[in-house]
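Quick notes on the structure that follows.
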Amino acid sequence: MARVRTAVLISGRGSNLQALLAACAAPDFPAEIVLVVSNEPDAGGLAYAEAAGVPTTVICHRDFDGRDAFERTIEAQLAETRVDLICLAGFMRLLTGGFVARWRDRLINIHPSLLPSFRGLHTHERAIAAGVRLTGCTVHFVRPTMDDGPIIVQAAVPVLPDDDADRLAARVLSAEHLCYPWALRLVADGRAQVVDERVVLTGVGIPEPHLISPPL
Ligand code: GRF
């Protein structure tokens, strides 16, 4: 079975990258991580890739005059490594419409809220301030608008009375580490297809209400 050649773009800690690397270590997983790109030289996640023997490259946005030149350099690296699919995992740069269009339906992102609620930053503070009882995470195909695009997988977690943003973030992060490998598996298997700007899933079970969607 040819595995889908996947690049992961990071900017920092890399715990989602670590979850993806662990999933891809299984011989029957339908994707392999062939490249990790960081725009920050000191991103902690680079060490996870190195430990797994995955090539890394640092392409620092501050070294370029504008987003186009920065992205052209990333794309040259992706082409050289024959990448088919990109996972954004805590990548803190906005991508241009041109980049997003070229990678349409081959570019996925994880966001720490139940989209379309709480796009952008500080999601956990905002969820607590809004008084929602459930929050969670979303893996979605990327579109030009930030944190927008067809939803592949979501998981919900409760917001508890004593939560502060850090406690809630930790609970959501555990869900992220389940969701991102599941979403990558679905996309790489061809079981998550975009039809009329919604993701149609095939071969997945019926979700438990309010828990994780879909169970795999
Ligand atoms: C995660 O919460 C992810 O949802 C968001 O950025 C954070 C990255 O964390 N986009 P990590 O670097 O994967 O640990």
Scanning the stretch 15-49 for residues that are part of a loop (DSSP other than H, G, I, E, B) and farther than 15 Å from residue 184 by Cβ, which turns out farthest from the ligand (Cβ to nearest atom)?
-> 27
Output the residues belonging to the stretch 34-46 that are touching a residue at least 12 places away in the same chain (Cβ under 8 Å) and over 18 Å from the mean Cα position of the chain (by Cα).
-> 41
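For the stretch 89-122: of the residues being among the basic types (Lys, Arg) and within 15 Å of the ligand (Cβ to nearest atom), which is nearest to residue 158 (Cα to Cα)?
Step one: list which residues in the stretch 89-122 are among the basic types (Lys, Arg), which gives 93, 102, 104, 106, 119.
Retained after the next criterion (residues that are within 15 Å of the ligand (Cβ to nearest atom)): 93, 119.
Details: 93: 29, 119: 18 Å.
Among those residues, the one meeting the criterion is 119.
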Note: among 12, 53, just one is surrounded by fewer than 17 Cβ atoms within 10 Å (Cβ to Cβ), assigned to a loop (DSSP other than H, G, I, E, B) and at pLDDT 95 or above, namely 53
Test result for residue 79, part of a strand (DSSP E or B), among the hydrophobic types (A, V, I, L, M, F, W, C) and surrounded by fewer than 22 Cβ atoms within 10 Å (Cβ to Cβ) | no
Residues of the stretch 135-149 classified as more than 11 Å from the ligand (Cβ to nearest atom), of a type in the set (Ser, Thr, Tyr) and in a strand (DSSP E or B), total = 1
Any hit, the stretch 69-87, residues being under 26 Å from residue 192 (Cα atoms) and within 16 Å of the ligand (Cβ to nearest atom) | yes
Within the stretch 92-111, how many residues turn out to be assigned to a loop (DSSP other than H, G, I, E, B) and either surrounded by fewer than 21 Cβ atoms within 10 Å (Cβ to Cβ) or small (Gly, Ala, Ser) (or both)?
-> 8
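For every residue, the table says whether it meets (1) of a type in the set (Phe, Trp, Tyr); (2) modelled with pLDDT under 95; (3) over 23 Å from residue 8 (Cβ atoms); (4) in contact with a Ser or Thr (Cβ under 9 Å, 6 or more places away or on another chain).
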residue: 126; (1), (2), (3), (4): no, no, yes, yes
residue: 134; (1), (2), (3), (4): no, yes, yes, no
residue: 141; (1), (2), (3), (4): yes, no, no, no
residue: 163; (1), (2), (3), (4): no, no, yes, no
residue: 170; (1), (2), (3), (4): no, no, no, no
residue: 191; (1), (2), (3), (4): no, yes, no, yes
residue: 214; (1), (2), (3), (4): no, yes, no, no
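The values are calculated or read from the model by the stated rules, or taken from the named source; none is laboratory data. Because the structure is a prediction, the values reported are computed rather than measured. Counting neighbours? That spans all protein chains shown, and the Cβs are built from the backbone with ideal geometry, glycine included.
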